[in-house]
Amino acid sequence: MSTILVTGGTRGIGLAGLVNSAGVIRRTDEFDPDVFADVVDTNLLGTMRTITACRPALAAGGGSVVNVASILSLFGSGFAPAYSTSKGGIAQLTRSLAVAFADDGIRVNAVLPGWFRTDMTAALRDQPEREADILGRTPMGRWGDPEELVGPVAGSLGRQAGGSGRPGVRWPSAVHSTGKWASSITSSSGRAYRL
């Protein structure tokens, strides 16, 4: 997943939405202070850098921000201390920026996904005991499908950014974190959503 910018129509005139979903996890390697710092830099500071850079355009466009935190924002992880710390930081950053940016007309929200079937959870799914432990405490007893996050993210962006709360929502235009204009977003499962 990556950072997606959603415009209100005309390139360069305001920004209707920003979704920060880039992130890394290094699991037990995160006990090394240098690895810990790299994970926090990517996940938390990268989110802050992106939002700060986009603030003027978001204010001009009456935009919304959706940060992707994690269920690990709410409790620690003995297996991924930097990841859970960075995602907890994203949850707090979201609260702080919601207050700080309110006068600019910028809404800042977060989603905190639980256990989803992604490349980042492949190692856990490949360990039958670990997977059983996770699914045993998951209310629905299954891994989430990344497609299930489209509605909450689109709904949090709001109508101005094209959010309707429906999968497959169409946005006027978007730019990928690489800086290239995109006509669709492809989820980690390979499903493409037209913008």
Once amide hydrogens are built 1.01 Å from N within the peptide plane, the residues lying 5 or more places from F116 or on another chain with amide H under 5 Å from its amide H are G144
Amide H neighbours of A110 under 5 Å, at least 5 residues apart or on other chains, H built in the peptide plane: list them.
N67
May I ask you to sort V65, V150 by Cβ crowding, counting other Cβ atoms within 10 Å and putting the fewest first?
V150, V65
Mark the label point 7 Å from the Cα of I71 along Cα→Cβ and return the residues of segment 92-113 whose backbone N is within less than 13 Å of it.
112-113
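FYI, it's all coordinate maths here, none of it is from the lab. None of the values given here were measured: they were computed from a predicted structure. Positions of Cβ are generated from backbone atoms using ideal geometry, with glycine treated the same way; all protein chains shown enter the neighbour counts.
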